[in-house]
1. For chain B, just the Cα atoms, rotate onto the principal axes and tell me the three extents in Å, largest first.
2. Put a label point 7 Å from Cα along the Cβ direction on B:GLU129, then list its distances to the equivalent points in the other copies in nm, shortest first.
3. Just the number, please: carbon plus sulfur as a percent of the accessible area of region B:1-110, 1.4 Å probe, no ligands or DNA/RNA counted.
4. For B:GLY172, place a label point 7 Å from Cα along the Cα-to-Cβ direction in every copy; what are the distances to the other copies, in nm, shortest first?
5. Going by Cα centres, region B:99-177 and region A:100-177 are how many Å apart?
6. For region B:102-177, report the accessible area per residue in Å² (1.4 Å probe, heavy atoms, rounded to an integer).
7. For the protein assembly as shown, build the convex hull from the C-alpha positions and give me its volume per residue in Å³.
8. What whole number of Å gives the distance from the Cα centroid of region B:1-79 to the Cα centroid of region A:1-80?
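The values are calculated or read from the model by the stated rules, or taken from the named source; none is laboratory data. Since the model is a prediction, treat every value here as computed from it, not as a measurement. Every residue, glycine as well, gets a Cβ built from its backbone with ideal geometry; the counts of neighbours run over all protein chains shown. Just the protein is used for accessible areas: all its heavy atoms, side chains included, with ligands, DNA and RNA removed. Shrake-Rupley method; radii C 1.70, N 1.55, O 1.52, S 1.80 Å.
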There are 2 protein chains.
Amino acid sequence: MAQGFTVWLTGLSGAGKSTIAQALARALEERGLPVEILDGDVVRQNLSKGLGFSKEDRDTNVLRVGWVCQLLNKHGVVSIAALISPYRDTRAKLRTMIPRFVEVYVHAPLEVLIERDVKGLYKKALAGEISNFTGISDPYEPPENPEVVCHTHEETVEESVGKILAYLDAQGWLSQD
Amino acid sequence: MAQGFTVWLTGLSGAGKSTIAQALARALEERGLPVEILDGDVVRQNLSKGLGFSKEDRDTNVLRVGWVCQLLNKHGVVSIAALISPYRDTRAKLRTMIPRFVEVYVHAPLEVLIERDVKGLYKKALAGEISNFTGISDPYEPPENPEVVCHTHEETVEESVGKILAYLDAQGWLSQD
C-alpha cells in the first residue's frame, strides 16, 4: 500500500479552509483514495479538550493533529487538516514529522474576511468580546514557501481544489499504486 | 476494504499489556493485516501531554486514544491499545465509540506484580513516592465481561496471544477480505 500524504490547510478563520477540505476530500475519494479530514473544531473536541489559545496550547494542538495525520498516512490514508495553525515554526515542525507534507495557504485579505464574517466571530473579536483571535488580537504568520496558495476571494472552490490536485498529481500521489 | 477492529488491553502496570500488544501485532502483521499499537507511554507524549492521573484526566486520555483507534479502524487498520484504563464506565464508553471492540483483561495477582516490579514503580508507590498509582493508591475496576482474559502469571505470551487470535478468528476478522 502506498504511503498517504497530508494536505495541511492553514489560514485565518473564515478564509475557506473547511470548504476546501471537504471539496478536496470528495475529489480524492472519487479517485479511490481513502481520506480523513481533521477539522479544527472537531479536533478540539476529540483530541484537545482543555487546551486554550495561547501559543503553547495552539502548538500542542497543531502537533497533536500532525501526529494523527502521520499515523493515518503510514497506513495509506490521506489526511486533510484544516486548522488556523498560525505559527511558522510549528508548521515547520509538522514538515519534519510528516514525510509527505503539503502546506496550503488559504488566503483572503482580512478586510474581506471581516466583511464575510460567516460565524460572526470577527465582529465579536473587533468588539473585544473574544480574546486571542487570530488576525485581530493574535498573530498569524503566513507561510513563506507553501506548496500551494489559494486566494479564496479571487477563485472558486473548484479552482482552489484544482490547484491542490495539480500539485498532488505532479508528485505522482494520485494514482493508487 | 474491511473495517478494522480494536483490541483494548486493560490491566495493572506490569501485568504484560505492552508485551502482549507487541506479540499480537507481529502475529496479525504476519497474517497481512495493517496494525498500529497505541501504548500508554507513547500516547501520553504525543496525544496527552499535560494530562495527569485524576479520574477526569485518565478518562480524557482513554477516550482520546479510543477516538484515534476508531479513526484507524474506519480505514481498515487494526488498533491495539495497551493502557491501564482503570475505570469500567470509561471502557463502556469505548465500546459505544468503536464498532468492533475487543476488551482483553490482562491479569496477574497484585502480589505477583509487586514481586515482578520490572520498572521499580510498585516499590515507589508502596513507599508513597508515587501518588495515584493504580492498584496501590488508585482504584482498578476489573472488566466484568471481557472478551478475553489473559492470566499472565499462569500462561506464556504465546498462549495469551493465541487466546486473542482465537477470539478474532471466531469473529471472522482475521481474513483480509
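1. Principal-axis extents of chain B (Cα, largest first): 52, 35, 27 Å.
2. 5.4
3. Working: 2010 of 3940 Å².
Reported share for carbon and sulfur atoms: 51 percent.
4. List, nearest first: 4.0 nm.
5. Here the answer is 46 Å between Cα centres.
6. Values: 4360 Å² over 76 residues.
Per-residue value: 57 Å².
7. On the way: hull volume 51.6 nm³, N = 354.
Output value, Cα hull per residue: 146 Å³.
8. Here the two parts' Cα centres lie 20 Å apart.
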